[in-house]
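Structure, as structure tokens:
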Amino acid sequence: MIDTIRALPKAELHLHIEGTLEPDLVFALARRNGVQLPFADVAALSRAYNFSDLQSFLNLYYDCMAVLQHAADFEDLANAYLARAAADGVTHVEMFFDPQAHTSRGIPLAEVIAGLTAAITTAPTRHGVHVRLIACFLRDRPADEAMTTLEALSDHLDIVDGVGLDSAEVGHPPTKFKDVFAEAATLGLHRVAHAGEEGPPAYIWEALDVLGVERVDHGIRAVEDPALLRRLATDKVPLTVCPLSNVRLKCVATLKDHPLHQLLDAGVIATINSDDPAYFGGYLADNYLALHRELGTDLTTLQTLAQNSLDARFHPKGS
């Protein structure tokens, strides 16, 4: 079945490139950059990948980013992911990155973008994958900092296609970033936001009506609100669902409890994605296979999910 899944052409629309930082690469970059890690070895770091909730994951996620210091580090990180994505049948990626997580520790934005750009521009020939870049704002940091970040990103609109909203969701509603997303719209940037992962369905409504997002990242708690399900289905707003992530972060108890089929039965356009695969136990094909084995998702539905991902891609600016 895994070979059949990998043969399906598909897009990945919810992928944090920093979340593809595997333990082996963490230690390799730490050695290269002279970074002292709080873990004795790869095995010790791997054991730390056991999370109680979103915040416990984020703590380790940001700690590991300390090894990313130079453009070459970001290029190596992106190329490692793209090779794995290509092996999973991915032909298109809309790659998230977190500018503030790097600039806040003294890494220039230009350094981050230079490394990602080097990987992105060679990806079609090297990996057979087309890549678009989405810069995410950290919602647990001030909105004015996000606006400053957007201003800096405006110098890189040749490579950055959109903006998103991620990090700790609870207590940080989308409305907080209304002005930032309005300005992003004037710059012609696509807009997405994490909503309804740990946060309530009300956050999904806000992402739609206040931020004007074109896709909702996660969105699984929409099943708690029938009116919201109708809205998503009627307006054809895609959700970028991340099944293994939802289990690892305790958003659902087990994959058998996942609401994916409820979303599909309601007519919602769902796509499957790996989120932060180095931390959550699987890349894109692993998520498809887990759905088949544990949720009973049949091949026809998996094919629909793969086609949904291709249909939900953003079109090039100006087209």
- How large is Rg/Rh for the chain, to two decimals, with Cα atoms and a Kirkwood Rh? 0.93
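Kindly provide the helix-only [θ] at 222 nm of the chain, computed as the sum of -39,500 (n - 2.57) over DSSP H runs of four or more divided by all residues, to the nearest 500 deg cm²/dmol? Each step should come with its number before you reach the end.
Working: 16 runs with 149 residues, N = 319.
So the helix-based figure for the chain works out to -13500 deg cm²/dmol.
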- Item | Packing-based ranking, highest mean first, of 228-240, 196-208, 68-80, 292-304 given that Cβ atoms within 10 Å are counted | 196-208, 68-80, 228-240, 292-304
- For the residue pair ASP209 and LEU299, what label-to-label distance in nm results when each label sits 7 Å from Cα along the Cα-to-beta-carbon direction? 4.4
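According to the Cα gyration tensor, what semi-axes, each the square root of 5 times an eigenvalue, does the equivalent ellipsoid of segment 134-176 have, listed from largest to smallest in whole Å?
Numbers: eigenvalues 84, 24, 9 Å².
Values for segment 134-176, descending: 21, 11, 7 Å.
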- Task: Pull out the extension gain between GLN262 and ASN33, defined as 0.36 nm times the separation in residues minus the alpha carbon to alpha carbon distance; nm, one decimal.
- Result: 77.8 nm
- Query: aspartates and glutamates within cross-link reach of LYS256: Cα-Cα under 15 Å, excluding same-chain residues under 8 positions apart?
  - Reply: GLU294, ASP298
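Can you put VAL252, VAL180 in order, fewest other beta carbons within 10 Å first? Don't jump to the answer; show the numbers that get you there.
Values: VAL252 16, VAL180 22.
Sorted ascending by nearby Cβ count, the order is VAL252, VAL180.
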- Query: Where does each of 32-40, 4-12 land if you order them by average Cβ count within 10 Å, highest first?
  - Reply: 4-12, 32-40
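Can you give the FRET efficiency for ARG230 and THR122, using 1/(1 + (r/R0)^6), R0 = 45 Å, r = Cβ-Cβ distance, to the nearest 0.05? Walk me through the numbers on the way to the answer.
Details: r = 44 Å, r/R0 = 0.97.
It comes to 0.55.
Where a number appears in this text, it was derived from the coordinates with a stated rule and is not lab data. If you're wondering where the values come from, they're calculated on a predicted model, not measured in any experiment. FYI the Cβ positions are ideal-geometry reconstructions off the backbone, even for glycines, and counts take in every protein chain you see.
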